[in-house]
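Q: I'd like to ask some things about the structure below.
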Amino acid sequence: MTPTSQPQTLSRHASVPRLTQAVAPLTHAVQAINERGEREELHIPAERPLTVYVDRRELVTLMTLGAHPELLVLGYLRNQRLVDSVEEIESITVDWEVNAAAVATRRGIARIEERTARKVVTTGCGQGSVFGGLMDEVAGIRLPPAQLTQAELYGIVNAIRLQESTYKSAGSVHGCALFQGPQMLVFVEDVGRHNAIDTIAGWMWMQQPAEAMQGSDKVFYTTGRLTSEMVIKSAQMGVPIVVSRSGMTQMGHAVASQLGLCAIGRATNRRFLCYSGADRLVLQPELAQAPPVPAA
């Protein structure tokens, strides 16, 4: 897999689940009237429901672009803390004819009714939801030591600027990426940033050996704002530094400060704001005086 490619399932290891590789069109052609009264054809992002069943029990319906639905479902289960390890999942089967994902676990999910009884509607595009207990686990998260230099931050911003994307051709989607130093490991787009980060979480779990895909030396990037949900999910993945080209919410800031997570927002060209965890950012102010990066 190349650094800028879309995530793909690697050859199956004995400890990871069987995944289908369901495909669906990412864009849809429509006709619109422009400012001159002319009719033109353009492409807009596709959006489709994906109802997730766990051991034949309906869990949730996700609104998604549908680029990598199996990884999305796996990451959703991971970030909701419904499963503790990838080995608990036997298989994930997606069928776009019925817009459904069937998850088979090896031993079931303990107390699933109790753990999924309380839902919180998030600020995510497409109205994401998290199960209420997710917020209760923040106090137990311990992030590893890590630092990011200002030069590395600029490299990340530039890599995103150069990345080919559905957003550039059709707009209306969010993109997320995982970096290790200057290398972009994976880039994912979806109609909601919460879906994109869940897909990355699923991708991380599918990499083998698992020890090689820890979050301690990684940086998470998102085009969306840094809400409490995004901060918590990044921390659950063990990633202590997050970067966004957008801003940050009050609750996102409070959670990041509590966790000691480095949250950097408004990161465009050579400008940025470090909202929390400034001790993890190695400043190089002289770099900010360099000419701005041309628009893509």
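Q: Checking Arg266 against (1) touching a helix residue (DSSP H, G or I) at 6+ places or on another chain (Cβ under 8 Å); (2) not in a loop (DSSP other than H, G, I, E, B), which test does it fail?
A: Only one criterion is unmet by Arg266, namely (1).
Q: Can Ile232 be described as at pLDDT 95 or above, of a type in the set (Val, Ile, Thr) and either in a helix (DSSP H, G or I) or surrounded by fewer than 24 Cβ atoms within 10 Å (Cβ to Cβ) (or both)?
A: So Ile232 fails the test.
Q: Right, something else. Out of curiosity, is Val60 at pLDDT 95 or above and either polar (S, T, N, Q) or closer than 26 Å to Val173 by Cα (or both)?
A: Judged against the criteria, Val60 is not a match.
Q: Quick one: would you say Val52 is buried (at least 17 other Cβ atoms within 10 Å of the Cβ), modelled with pLDDT of 90 or more and β-branched (Val, Ile, Thr)?
A: Against the criterion (buried (at least 17 other Cβ atoms within 10 Å of the Cβ), modelled with pLDDT of 90 or more and β-branched (Val, Ile, Thr)), Val52 qualifies.
Q: Looking at the stretch 80-99 only, could you name the residues that are among the aliphatic types (A, V, I, L, M) and surrounded by fewer than 17 Cβ atoms within 10 Å (Cβ to Cβ)?
A: Across the stretch 80-99, the qualifying residue is only Val98.
Q: A further question on this structure: So which residues in the stretch 107-140 are assigned to a loop (DSSP other than H, G, I, E, B), crowded, with 16+ Cβ neighbours inside 10 Å and modelled with pLDDT of 80 or more?
A: Residue satisfying the conditions is Ile109 alone.
Q: So, one more: Within 25 Å of Gly252 (Cα to Cα), free of Cβ contacts under 8 Å to residues at least 24 places away in the same chain and not assigned by TED's automatic domain parsing to the domain that holds Asp198 - does that describe any residue in the stretch 78-93?
A: Checking the stretch 78-93: at least one residue is within 25 Å of Gly252 (Cα to Cα), free of Cβ contacts under 8 Å to residues at least 24 places away in the same chain and not assigned by TED's automatic domain parsing to the domain that holds Asp198.
Q: Now for a different question. What number goes with the only condition from (1) outside any loop (DSSP other than H, G, I, E, B); (2) modelled with pLDDT under 95 that Ile200 does not pass?
A: (2)
Q: Can we say Leu153 is at pLDDT 95 or above, of a type outside the set (D, E, K, R), closer than 15 Å to Ser234 by Cβ and surrounded by 15 or more Cβ atoms within 10 Å (Cβ to Cβ)?
A: no
Q: Within the stretch 247-267, which residues are crowded, with 16+ Cβ neighbours inside 10 Å and not aliphatic (A, V, I, L, M)?
A: Answer for the stretch 247-267, where residues must be crowded, with 16+ Cβ neighbours inside 10 Å and not aliphatic (A, V, I, L, M): Thr249, Gly252, His253, Gly260, Cys262, Gly265.
Q: A follow-up question, please. Hey, Val239 hits all of (1) at pLDDT 95 or above; (2) in a loop (DSSP other than H, G, I, E, B); (3) farther than 28 Å from Val52 by Cα but one; which does it fall short on?
A: Single failed check for Val239: (3).
The values are calculated or read from the model by the stated rules, or taken from the named source; none is laboratory data. Everything quoted here is computed from the prediction, not taken from an experiment. Every residue, glycine among them, receives a Cβ derived from its backbone with ideal geometry; neighbour counts consider all protein chains shown.
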